[in-house]
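Report on one structure; see the data block that follows.
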Amino acid sequence: MAKRVYVYSRVLDGWLCRLTPFVVAALIIVAFASFGTVASAGTNHLYHYSTDYATIHYSDPAAHESFMAILKEGESKPRYANSIGSSVDRIVFRVRNILGVHTPGFHFNIYLLDNSDELKAMYREMGFTGKVPAAFYTRSTGSVFIALDELNDGVLAHEVAHAVINSHYTPPLPNRMQEILAQFVDKNLWVE
């Protein structure tokens, strides 16, 4: 009986040794394929800030300050706390409640681009055609791309809605239905 266990063990070790290079190669290929587009977006985004729901990527500390200032701009009543994380998480919380979608473990990326030209270049680099929106979400990377010169809480909420919807529905809802829901969120973000 002990001899059989030893033989099976040697056979198993042989298979594992032969499969290891293929498994490693497959993992490397999957990693490069899934991070290809975000990697090119991330090369200029050296700074990262993580919140409960998002990782925010930006090119310099001034972008962080601009992001905070834009989110606080034009408030009729205080809605945000004093940090970028609590501001973003508050918007995500509102979006999830409006949509009634509370997917466990929900997390996504936000890439802050300095201006509309940078957003347009990123949009084209990712293979999209047509009119460039003020911001966009890609399901393949789980990322929102937004230009600071186009940002307001409604635009951010609209893109967060796409992230929330796509995290919950598989297969994803049709684009037209997603747009209707995202526009509803944008218009009703602060309605009590």
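The values are calculated or read from the model by the stated rules, or taken from the named source; none is laboratory data. Since the structure is predicted, the reported quantities are computational estimates derived from the model, not experimental observations. We place every Cβ from the backbone using ideal geometry, glycine too, and count neighbours over all the protein chains shown.
On the stretch given as the stretch 133-159, residues that are among the charged types (D, E, K, R) and under 19 Å from SER59 (Cα atoms) total 2.
Identify all residues within the stretch 49-72 that are part of a loop (DSSP other than H, G, I, E, B) and either surrounded by 14 or more Cβ atoms within 10 Å (Cβ to Cβ) or outside the structural domain of GLY85 (by TED's automatic domain parsing) (or both); write none if there are none.
Result: THR51, TYR53, SER59, ASP60.
A Cβ distance below 7 Å, combined with a sequence gap of six or more or placement on separate chains, defines the contacts here; from the stretch 91-105, residues that are buried (at least 19 other Cβ atoms within 10 Å of the Cβ) reach residues that are in a loop (DSSP other than H, G, I, E, B) in the pairs VAL92/TYR53; ARG94/LEU189; ARG96/HIS102. Across the stretch 135-143, a minimum of one residue is classified as more than 27 Å from LYS72 (Cα to Cα), surrounded by fewer than 16 Cβ atoms within 10 Å (Cβ to Cβ) and in contact (Cβ under 8 Å) with a residue 60 or more places away in the chain.
For the stretch 108-117, the count of residues that are within 16 Å of ASP186 (Cα to Cα), in contact with a helix residue (DSSP H, G or I) (Cβ under 7 Å, 6 or more places away or on another chain) and at pLDDT below 95 is zero. Of all residues in the stretch 97-119, those satisfying the criterion of being among the β-branched types (Val, Ile, Thr) and more than 14 Å from LEU156 (Cα to Cα) are ILE98, VAL101, THR103.
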